[in-house]
Amino acid sequence: MTELPDLPQTPLTPEEPDHDIFRPIAIEDVVSGQFDQEAEGVVSPLLTKRVLPPQAESPKLHKVLAQAGLGSRLEMEQLILEGRISVNNEPAHVGQRIQYGDQVKVNGRLIRVRIDPPPARVIAYHKPAGEIVSHDDPKNRPTVFRKLPRLQHGKWQSVGRLDLNTEGLLLFTSSGELANRLMHPRFGLEREYAVRVLGALSNEEKQKLLDGVMLEDGMAQFGSIENGGGEGSNCWYRVTISEGRNREVRRMMEAVGHAVSRLIRIRYGAMVLPHGLRRSTFMELDEADIRALTHAANKADAAREEADATTAKPSRPPERRTQNPRNRAFGAKKPGQGAGGQRRAKPEGGQPDPMKTSVGYIGADSFSRQRKEQGPGGRSGGPRRNGGRSR
């Protein structure tokens, strides 16, 4: 078996070979067909076992009670042996570990104990077309949750959804609070898509999509539109949007008379879909990447509040808009670009454009770590081509 290439230490340049499995997926890769060739690989270069590595062990019951001032550790162990302590209304045992949310009673009285909640876990999943983002489906269609790793405690919550026929990057987290911050429209995190439509968009149609089109559930608008190429009547575009309404991108294109034949999400905020993450596989983000993702959501929230404050102040008569002003976090274009959108402006707030370099985006550290842990070969835990679960 051929060994995987070593992780590059510097950003790719036009003169270097374009084989970095950690490089973000770009619209050019989708249009050229390279994205499909890599995504259909039999063996994933990333470690994707269905059971995540355990987190740090929870504290022992007798130690937590002693820290709460109820007595020494030996005294707490004696109370446990005498059956005077219960956890979640079940008799406790010596050496038992407890976690955040457990109810501890001593002699039938509820005791307040301090246990830090477990840190949030986040995984990035490459969703293929044909899977739904739901725990229960009356039609018994394949769901993304069947492919996810098992959590020892709690359950995965999806950060937004992708419809049945949409593919690409889908984030999951064990933290409901983090999920809300990442997907709530108030925080304005951009979603970036590669979208293929039937027939080319005219400049007037592009401007209409940027200014806003009326859908059944209200106005919707893109933050930016860039031409992606294509052959014949199939035309690719790279679009950004800061909402996650049901089938929103498809409905917007249909509103200007163009049917969507393929839709791929290639970025969520500053988290991108990399070449190394093949269809139906996932990878867990490291603590540093989770902090960066949370920081990105916080920055988007601050930028939104600043924009709202600016809007409330008297200003000069507005000029003709070429983009949605609330979509400027994380790489959206600034006013003055044409509807074709051939240039990509530097994101506000000093954040690096996640599409600029091979390792300058959220998730790079996690991919690098998994690459090192896996070693040569790349077979460990890789999904089967028929979509079966890895064991």
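The values are calculated or read from the model by the stated rules, or taken from the named source; none is laboratory data. As the structure is a prediction and not an experimental result, all values here were calculated from the model. FYI the Cβ positions are ideal-geometry reconstructions off the backbone, even for glycines, and counts take in every protein chain you see.
Select from segment 77-95 the residues that are aliphatic (A, V, I, L, M), surrounded by 13 or more Cβ atoms within 10 Å (Cβ to Cβ) and out of contact with any Asp or Glu (no Cβ under 7 Å at 6 or more places or on another chain) and write down the one among them that is farthest from D286 (Cα to Cα).
Looking at residues that are aliphatic (A, V, I, L, M), surrounded by 13 or more Cβ atoms within 10 Å (Cβ to Cβ) and out of contact with any Asp or Glu (no Cβ under 7 Å at 6 or more places or on another chain), I get L79.
Kindly provide the set of residues from segment 162-187 that are among the β-branched types (V, I, T) and either under 12 Å from the mean Cα position of the chain (by Cα) or modelled with pLDDT under 85 (or both), ordered by number.
T173
Do we find a residue being assigned by TED's automatic domain parsing to the domain that holds A255 and without any contact (Cβ under 8 Å) to a residue 12 or more places away in the chain anywhere in segment 198-214?
yes
Of these, L74, L61, L148, which one is modelled with pLDDT of 90 or more, of a type in the set (A, V, I, L, M, F, W, C) and surrounded by 15 or more Cβ atoms within 10 Å (Cβ to Cβ)?
Being modelled with pLDDT of 90 or more, of a type in the set (A, V, I, L, M, F, W, C) and surrounded by 15 or more Cβ atoms within 10 Å (Cβ to Cβ) holds for just one of L74, L61, L148, which is L61.
Exactly one of these conditions fails for A179: (1) among the aliphatic types (A, V, I, L, M); (2) out of contact with any His (no Cβ under 7 Å at 6 or more places or on another chain); (3) part of a strand (DSSP E or B). Give me its number.
Answer for A179: the failing condition is (3).
Matching residues to (1) within 12 Å of V197 (Cβ to Cβ); (2) among the small types (G, A, S); (3) touching a residue at least 60 places away in the same chain (Cβ under 8 Å); (4) not assigned by TED's automatic domain parsing to the domain that holds E204:
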position	(1), (2), (3), (4)
F222	no, no, yes, no
E226	no, no, yes, no
S233	yes, yes, no, no
I241	no, no, yes, no
R247	no, no, yes, no
R251	no, no, no, no
E254	yes, no, no, no
G257	yes, yes, no, no
R262	yes, no, yes, no
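Considering segment 233-280 alone, what residues qualify as being assigned to a loop (DSSP other than H, G, I, E, B), closer than 17 Å to G33 by Cβ and among the charged types (D, E, K, R)?
The answer is R278, R279.
Restricting to segment 187-197, what's the tally of residues that are of a type in the set (A, V, I, L, M), farther than 8 Å from C235 by Cβ and assigned to a strand (DSSP E or B)?
Within segment 187-197, residues that are of a type in the set (A, V, I, L, M), farther than 8 Å from C235 by Cβ and assigned to a strand (DSSP E or B) number 2.
Just a yes or no: is a residue in segment 280-287 of a type in the set (S, T, Y) and surrounded by fewer than 20 Cβ atoms within 10 Å (Cβ to Cβ)?
no
Among the listed residues I241, I264, which satisfies the condition of being at pLDDT 95 or above, touching a helix residue (DSSP H, G or I) at 6+ places or on another chain (Cβ under 8 Å) and closer than 27 Å to V159 by Cβ?
Criteria check complete, one pass: I264.
Which of (1) assigned to a loop (DSSP other than H, G, I, E, B); (2) surrounded by 12 or more Cβ atoms within 10 Å (Cβ to Cβ); (3) not β-branched (V, I, T) is the odd one out, the single condition Y125 does not satisfy?
Exception for Y125: condition (1).
Would you confirm whether any residue within segment 102-116 is touching a helix residue (DSSP H, G or I) at 6+ places or on another chain (Cβ under 6 Å), under 15 Å from S58 (Cα atoms), in contact (Cβ under 8 Å) with a residue 12 or more places away in the chain and not in a strand (DSSP E or B)?
Yes, the conditions are met somewhere in segment 102-116.
Residues of segment 128-145 being in contact with a strand residue (DSSP E or B) (Cβ under 8 Å, 6 or more places away or on another chain), polar (S, T, N, Q) and outside any strand (DSSP E or B), which ones?
S134
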